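Enquirer: Take this structure first; my questions come after.
Read-outs throughout are calculated quantities, based only on the coordinates presented, and are distinct from any laboratory measurement. This is a predicted model, so every value here is computed, not measured. Positions of Cβ are generated from backbone atoms using ideal geometry, with glycine treated the same way; all protein chains shown enter the neighbour counts.
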Amino acid sequence: MQFIKLAQLISLGISGLIAVTAVQAQSGSTMAKVNGVAIPQSRLEFIVKARTAQGQPDSPESRKALRDDLITEEVIAQEAKKQGLDKDPDFQTQLDMARQTALVRAYQVDYIKKHPVSDEELRKEYEALKTQMGDKEYKAHHVLVATEEEAKDIIARIKKGTKLEKIAEEKSLDTGSKNKGGELDWSPAASYVQPFAEALTKLKEGQLTQQPVKTPFGWHVIRLDNVRPLKIPPFEEVKQNLAQRVLQKEFASSVNDLRSKAKVE
């Protein structure tokens, strides 16, 4: 559903981080020993929690496979140290980068713990999204080309009887719809960039844009096929997605504030 699409996770992986905050390290517990070196149980538990947060199952079989992988990694790591590879400059750079990434994730987890999202915030976000999405969704076809001249030529060809679908398969730069004859999924206007959305909503069913529509992606020729009422999912159904969306915005604002205060030379 398009409503849920608007609340998708950002690349920081907020949803995974929410689950990872639940990891409780089993301090002092040893999963295995390799040449006398202990592999802590907490390492396995951390990976299991991270995987289950992304929908992967937790089972005795998967844990056994993970345990074997961790033991193999320890064997390799010990041999690498014997060969002095831990002193290699490239390794040191990778280690520094890994440490930096771990610190960033630790900051994200700590931020989530300290900034729980209230139901009031979620409902406010829900109502804002409902307003943004509108009450209609549209089914359309389009052709995307690089120049206005190409788009005008396509409009002329369609008016003379050439099928838009045929032209889209031949010329469209939109790889997502090109092989479908320019067909776009049912979507609310708000899911498109503004110039495209404005042009789409002004069309009548079956009507073609009389002039090319310019967006940051290029020049479009658009045909509106159908319009129907938009079904908004109930609040409870999208509550988790809304929490992720609110956290995304708040975290991004926090990072922007940190950047503005940082002295960069």
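Enquirer: Shape of region 121-176 from its Cα gyration tensor (a ≥ b ≥ c, root eigenvalues): rounded if a/c is under 1.5, otherwise prolate when a/b > b/c, or oblate?
Expert: Numbers: a/c = 3.51, a/b = 2.92, b/c = 1.20.
Prolate, because a/c is 1.5 or more and a/b exceeds b/c.
Enquirer: While we're looking at this one, here's another question. How would region 136-229 be classified by its alpha-carbon gyration tensor: rounded, prolate or oblate, with rounded meaning a/c under 1.5 and the a/b versus b/c comparison settling the rest? Before the final figure, lay out the partial values.
Expert: Details: a/c = 1.44, a/b = 1.36, b/c = 1.06.
It is rounded, given that a/c, with a ≥ b ≥ c, falls under 1.5.
Enquirer: Also, I was wondering about something else. Using the Karplus curve 6.51 cos²θ - 1.76 cosθ + 1.60 with θ = phi - 60°, what ³J(HN,Hα) values do you get for each residue of region 152-158, in whole Hz, with x for Gly and Pro?
Expert: Working through the residues one at a time gives 5, 5, 5, 4, 5, 5, 5 Hz.
Enquirer: May I ask which residue of Ile154, Pro116, Ser187 lies farthest towards the positive end of the charge dipole of the chain, with charges of +1 (Lys, Arg) and -1 (Asp, Glu) on Cβ and the Cα centre as origin?
Expert: Positive-most Cα among the choices belongs to Ile154.
Enquirer: Which angle from 0 to 90°, rounded to the nearest 10, does the C-alpha axis of helix 119-133 make with the longest principal axis of the chain?
Expert: Tilt relative to the chain: about 30 degrees.
Enquirer: If you don't mind, there's one more thing I want to ask. Using alpha carbons only, how many angstrom separate the centre of region 198-265 from the centre of region 35-111?
Expert: Computed from Cα coordinates, the inter-centre distance equals 38 Å.
Enquirer: If we sort 129-142, 84-97 on the protection proxy, mean other Cβ atoms within 10 Å, highest first, what's the order? Can you show the working numbers first?
Expert: On the way: 129-142: 17.4, 84-97: 10.5.
Result, highest mean first: 129-142, 84-97.
Enquirer: OK, next. Sorting Arg259, Arg105 on the 10 Å Cβ count, fewest up front, what's the list? Could the numbers behind the result be given before it?
Expert: Numbers: Arg259 9, Arg105 15.
Neighbour counts put them in this order, fewest first: Arg259, Arg105.
Enquirer: Additional query: Can you give me the long-range amide H partners of Ala32? Hydrogens built in the peptide plane at 1.01 Å from N, cutoff under 5 Å, separation of 5 or more residues or another chain.
Expert: Ile39
Enquirer: Which of Met133, Ser177, Val238 sits farthest toward the positive end of the charge dipole of the chain, with +1 on the Cβ of Lys and Arg and -1 on the Cβ of Asp and Glu?
Expert: Result: Met133, furthest along the dipole toward the positive end.
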